[in-house]
């Protein structure tokens, strides 16, 4: 019984002191990221909760459920050798791919904001496009690490599965997640030293497919480039972005202070998920935003260090994959909120409300920490000693 | 080339921390991915600096002009609430409310929309129910009025509102308004004035006009944080008053009221007395003025005819709006004689005990001047100055004033300030008119007529002020109607200082006062005697100048001025009645009884003790 308890204790597992310093540091940085995100979420979601659910902590409570599930998953992943986790990843990718296609089936998929991304599961809902992220990292690492040793049959099969995944997410429609997954897969491939001609041809192919789709549906293009001039339709298409920009600009140097955002009261839509960064930047100002960016870059840099130190190519690619997903997704979210990228719904890891998102993010962080633990030969020896006892 | 490459490779292998098996290609690829993210983060930091710190003005035709995001945030997150600030009340000196703001309602009807419980209702039925509630019009009458544009009724009291709402009929629209209400209607209209009924609330007359800056409270604007709430499909604003700045107090207005010197009870009695007197003689108009001789305050100012300021818009005759006791000039006639006596005594040209020849009739510059009672009495011979006043002898007065050189006399009149504007706190004062100085000095007739109060003109208010100076020992007090701002407990918060100018020696005014007392005791002012009280007075019956510039034989202006009580003068009282009809219309018969009524009221209200035992007949 006691041996299972460690899965429930977040971050302060007694084994931690035996980890490599990168693993320990990442462990604590993840903890800080999670806590800061949670505090921001309380602030951002309280008025919304009061108005819509007569309970200011409604969203926090649901998020805590996600965090509990996520921490169990996190602890499992950090304590399980990466090799064993890799074994289940193809099955998980295929299973979640199936679920992604199920979301598009009427009656099973749940429609929110005009997109079928969810499968209703009682009071909760499953978002396979979020949960697939860690397994995509694993599978892509596995595939690209052994790329040279694989036949084109296997390469082609897995590339097809990846393409199907992207297509499945795209038709939900969920353009932003598709783009994020596509870019991340490509960057993992770049890190895997795949030859540039192959990389470039794939990226050109992807871009031309996207171009073709846009050329076919010009209204999509309008929607995508609207972020460049939100003031063309301040009450309609530009409303969300303008409100987000107003929130961010209101922050000034030092912000209005925790809990004192005005924009979150009613003006800013979807403030506890996609635009949570706007609330953060209104409350903490430019200084707070700079700290957050530095923090994210620090996290990414340590992930890079883990990648450098890792023994095998698979481990290296997992570390890079996690970095691309967590850091890249954060940066894209900030870019959307600041009007630097098209307005698309992508959650901010550890900040945005979303049980699936928080579980996926904790799984990704867990993978990175696992890689960090396995990075040093000496530490792995210790691990073995531990396992004996 | 090879050498260089080799050296690079060797450098790489020498790096201490790098794992042995990591190829240069791998390092580059990893750094490329990391660098890409780092660049994005740097770009975002620049973007955030631009948004949060630089925050430039947005240049877009649909964006608010010349505003940056912070300014847009301010304007959308805050709302200015303009609260209605009631105009200050006006109270009399006993805190009776003469003017106040109150809530009333306008009723609009839209017969096309008459619906009750989703069913149309006939206009007849609604007219019937409205008639029973309002009790002002018959149902048929109301039905006719339904078609007219604009509100069906204005100034509906709050009491009928719940009854009309209880009908639950669509198409009956009640709108809340604030209006100025004058509870005593016409009782003090000549002083209070009125403000426009429309939303401008522009002050138009009286104290409302001149004291506007004291009556208007500073308007309260609240800058409140605001957000919105979607309730039942409607967007409703939510205000956050808890976030008000400390400087913005919600109820920063005071309970101050503008206090006038008027005494409503005295004003009411004086008006009744004046109206009764005017009715008796079918007079055109009349005025009663009372001044407190010690501070210049005016407890009574009654002008007839007057108007009800609640219904100012219903009057066709605009002359009711003017307070003629201060706006219109008249020739004071005999009521000016005590003033002339004071001038002569002050100049030292006669002594109080002098005997003056009264020939009853004289010719000045071809004009024949007679005493008013020349036909009955003829020449009186040598008489004393008090007798001149008692009989109101014109010839006696001419002979007194003759002693004074005409330029000196003119300058004395000027010193009284007849031609100067009197800065009253109600609008419309007209300065009096004297003859041209050169004409007055050269022609004897001008000085002669001035001796008995004709040939120049002034307002009743100015004449009262001069008599008040006789009463108070020679101080020319500035009359005033505003006491200042007082709170609900009657404590004064802002007082208008009184002003005065010494014009006569107190010994001389005492002498004149006693002479005037004999007028009431033995002379033409007998009518105003009140047993036990010492009253000084002087009658006046002046001919009016008609439109051709000549004296009108039939149109007279009768007046009576009194000072009371003589032993310690407190009040100067003037009653003027214009164009009384009938044979026996003199100051002594028309105006003196009115003054007597007013004095009796003052005695009763102020509790003034008699100065001597009433004589028993």
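None of the figures in this text is laboratory data; all of them are computed from the coordinates on show. Computed from a predicted model, the values in this text were never measured in an experiment. With ideal geometry, Cβ positions are generated from the backbone for all residues, glycine too; neighbour counts draw on all protein chains shown.
Normalising by residue count, region B:420-510 has a Cα convex hull of 130 Å³ per residue.
Taking only the alpha carbons of region B:472-617, we obtain Rg and Dmax values of 18.3, 56 Å in that order. Taking the Cα centre of each part, how many Å lie between region A:43-64 and region B:389-442? With region A:43-64 and region B:389-442 each reduced to a Cα centre, they are spaced 88 Å. Each label point was placed 7 Å from the Cα along the Cα-to-Cβ direction; for residue B:351 and residue B:433 their separation is 4.2 nm. Our helix-only sum for chain A, with -39,500 (n - 2.57) per DSSP H run of n ≥ 4 divided by its residues, gives a mean residue ellipticity at 222 nm of -23000 deg cm²/dmol.
Here region A:27-155 is described by how far its Cα atoms reach on the three principal axes: 58, 42, 20 Å, from widest to narrowest. Pick from A:296, A:188, A:369 the residue whose mean-square fluctuation is largest in a GNM of chain A, springs joining Cα atoms under 10 Å. Answer for the Gaussian network model of chain A: A:296. The relative contact order of region B:103-180 comes to 58 percent, based on Cα pairs under 8 Å that sit 6 or more residues apart.
Counting every C-alpha pair in the protein assembly as shown, the share spaced more than 58 angstrom apart comes to 48%.
Between region B:556-617 and region A:275-302, the C-alpha centres lie 91 angstrom from each other.
Comparing A:47, A:195, A:123, which has the greatest mean-square fluctuation in the GNM of chain A with Cα pairs linked when under 10 Å apart? Of A:47, A:195, A:123, the Gaussian network model singles out A:123 as fluctuating most. Each of B:327, A:20 was scored by other Cβ atoms within 10 Å of its Cβ. Listed from fewest to most, they are B:327, A:20.
Each listed q (0.20 Å⁻¹) maps to a log10 I(q)/I(0) for region B:266-345 from the Debye sum over equal C-alpha point scatterers, namely -1.10. Compute the separation of the alpha-carbon centres of region A:205-225 and region B:262-312 and state it in Å as a whole number. Region A:205-225 and region B:262-312 have Cα centres separated by 90 Å. Each principal axis of the Cα cloud of chain B was evaluated for its coordinate range; sorted largest first, these ranges are 152, 75, 52 Å.
Going by neighbour counts of Cβ atoms within 10 Å, the residues B:380, B:175 line up, fewest first, as B:175, B:380.
Antiparallel as a % of all DSSP beta bridges within the protein assembly as shown, to the nearest 5? Antiparallel bridges make up about 95 percent of those DSSP assigns within the protein assembly as shown.
Got the relative contact order for chain B handy, in percent, Cα pairs under 8 Å and 6 or more residues apart?
Result for chain B is 13 percent.
Which angle from 0 to 90°, rounded to the nearest 10, does the C-alpha axis of helix B:506-521 make with the longest principal axis of chain B? The two axes meet at around 70 degrees. Comparing mean-square fluctuations of A:60, A:290, A:96 from a GNM of chain A with C-alpha springs under 10 Å, the top value falls on A:290. Seen against the Cα atoms of chain B and their longest principal axis, helix B:24-49 is set at about 10 degrees. Taking the inverse of the mean reciprocal distance over all distinct Cα pairs, the Kirkwood hydrodynamic radius of region A:19-388 comes to 21.3 Å.
Remark: relative contact order (region A:1-112) = 24 percent; criterion is Cα-Cα distance under 8 angstrom and separation of 6 or more residues. Compared with the dominant Cα axis of chain B, that is its longest principal axis, helix B:592-606 is turned about 60°. Among A:281, B:199, the order by Cβ neighbours within 10 angstrom, fewest to most, reads B:199, A:281.
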